[in-house]
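The values are calculated or read from the model by the stated rules, or taken from the named source; none is laboratory data. Quick caveat, the model's predicted, so the values are computed rather than measured. Positions of Cβ are generated from backbone atoms using ideal geometry, with glycine treated the same way; all protein chains shown enter the neighbour counts.
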Amino acid sequence: MTKKRILITGAAGFLGSHLCNRFISEGYHVLAMDNLITGQLENIEHLFGKENFEFYNHDVSKFVHVSNDLDYILHFASPASPIDYLKIPIQTLKVGSLGTHNLLGLAKDKQARILVASTSEVYGDPLVSPQDEDYWGNVNPVGPRGVYDEAKRFQEAITMAYHTYHKLDTRIARIFNTYGPKMRLFDGRALPTFVGQALMQEDITIFGNGSQTRSFCYVDDQIEGLFKLLHTDYHLPINIGNPDEMTIEELAKEILHLTNSRSKIVYKNLPVDDPKQRRPSISRAQEILNWEPKVSRKEGLEKTIAYFETLPLEKLINAEK
Ligand code: NAD
C-alpha cells in the first residue's frame, strides 16, 4: 500500500516537530516545510535520512509548489509567541493571510484535506469564560497583538470561504496554550521562562500581579487532539486545549516547587492587551472527537522540566543577553 503523503508547514517549530514525529510513527510520508524564522532544525534533525521524510526550507508566504500527490496539509507555519510576532509583525500577518491562501490553493490543486492551526487568541481578551467556539471574541485590531490575532481570524475566514465556495475539505483547530519538550526557552511565554529562571536560580518575573489565568495543555494531548481532528469529518472550528485553569502566580509557585529552586518571585508591569483569563470549553472536542486531555499538570511539568535540564541553560542565557 502506498503511504499517505502529508505536508506539514512550520515543521521545525515546537508543535510542527511533534507533528512530524507523530505522522512518521503512524507510517505517513512527511514533507516538512519551514523557513526557520522562529524554528530550529535541531527539532527535526533526527528525522533526516529517513526515507519517508523530506525537508524543504521555504517561506510559505511565497508560492508553494509540491511535486506529486498530497493527501493532507497541516498549516502550522506562523510565529506563535508575542516576543516573536512583535519583532516580525509583517511576516506574521503575511503567513496567516498570504501563506494560508497559498496552502489552500495547493490543497485545492491536489484535492488534499487541509487543517489550519488557529488559536485561542482569536478570542482576544475574552469577556466570557470559559470560551466556547460560538464566542466571537474581543480583539483590538490595532493593538500590538492585533497582527497575530487578526491574521488568525483572517485565516479562519478564508479557510471557511474555501470550504464553502470550493468545497475544500478543511479543518480549523483553535489551539490553546500548549507546552512541553522542544519549546524554546526564550519564546517569551510564562511557562518556559519560569522553568529557565527556576533552574538557573534567577528571579521569576511575573507580569502584573499574577492573578491573570491560563490553562496549559501538554503537547502529547494536543497532538492527539489534532490527529483526531484531521481524521474526523468536521469543518467548523474546534477548541483543543486543557480547561484546567490556574493563575500565573500559582504556575510560578508550582514550578518553584517541582524544580526545588531557591528563586524569588518578582512582579513587573503587565504588557498591553494581555488577556486576563483564558480557559477553553472543550465540550465540542469531547463530543465530536471523543477527545480530552489526559496528562496531569504535574506529569507534564516534570517532563518539560526534565527536557530543559538537558539544555546548556547558561550558554543559552548568555547568548540571549
Ligand atoms: P513555533 O514558532 O515553534 O513554530 C512555528 C514554525 O513556523 C517555526 O518553525 C517557524 O520557523 C515557521 N514559520 C514561520 N513563518 C513561516 C513562513 N512564512 N514560512 C515557513 N515557515 C514559517 O510555534 P508553535 O508554538 O509550534 O506554533 C505552531 C502553530 O500553532 C502556529 O501556527 C501557532 O499560531 C499555532 N498555535 C500554537 C500555540 C502554542 O501554544 N504553541 C497556541 C495556539 C496556536
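Some points to look at:
- Of all residues in the stretch 134-163 being outside any helix (DSSP H, G or I) and touching a Leu at 6+ places or on another chain (Cβ under 7 Å), the one that is farthest from Ser97 (Cα to Cα): Asn138
Residues checked against (1) in contact with a His (Cβ under 8 Å, 6 or more places away or on another chain); (2) away from the ligand (no atom under 16 Å from the Cβ); (3) at pLDDT below 95; (4) polar (S, T, N, Q):
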{"site": "Ile73", "(1), (2), (3), (4)": "no, no, no, no"}
{"site": "Ile83", "(1), (2), (3), (4)": "no, no, yes, no"}
{"site": "His101", "(1), (2), (3), (4)": "no, no, no, no"}
{"site": "Lys108", "(1), (2), (3), (4)": "yes, yes, no, no"}
{"site": "Ala117", "(1), (2), (3), (4)": "yes, no, no, no"}
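- All positions within the stretch 286-300 that are out of contact with any helix residue (DSSP H, G or I) (no Cβ under 6 Å at 6 or more places or on another chain) and assigned to a helix (DSSP H, G or I): Gln286, Glu287, Ile288, Arg297, Lys298, Glu299, Gly300
- Residues that are within 13 Å of the ligand (Cβ to nearest atom) and among the acidic types (Asp, Glu) were ranked within the stretch 135-184; the one that is nearest to Ile305 (Cα to Cα) is Asp149.
- Selected residue [modelled with pLDDT under 95 and among the β-branched types (Val, Ile, Thr)] from Thr310, Thr232: Thr310
- Filtered residue count, the stretch 104-123, keeping only those that are more than 14 Å from Ser67 (Cα to Cα) and among the aliphatic types (A, V, I, L, M): 6
- The residues of the stretch 60-71 that are away from the ligand (no atom under 11 Å from the Cβ) and of a type in the set (S, T, N, Q), listed by number, are Ser67, Asn68.
- Leading residue by the ranking (farthest from Thr164 (Cα to Cα)) among those in the stretch 85-99 that are near the ligand (Cβ under 9 Å from one of its atoms) and of a type outside the set (Ser, Thr, Tyr): Ile88
- Breaking point among (1) crowded, with 18+ Cβ neighbours inside 10 Å; (2) assigned to a loop (DSSP other than H, G, I, E, B); (3) in contact with a Phe, Trp or Tyr (Cβ under 8 Å, 6 or more places away or on another chain), for Ser261: (3)
- Filter result (of a type in the set (Val, Ile, Thr), over 16 Å from Gly13 (Cβ atoms) and surrounded by 21 or more Cβ atoms within 10 Å (Cβ to Cβ)) within the stretch 194-220: Val195, Ile204, Ile206
- Residue within the stretch 22-32 that is under 23 Å from Gln91 (Cα atoms) and within 6 Å of the ligand (Cβ to nearest atom) present: no
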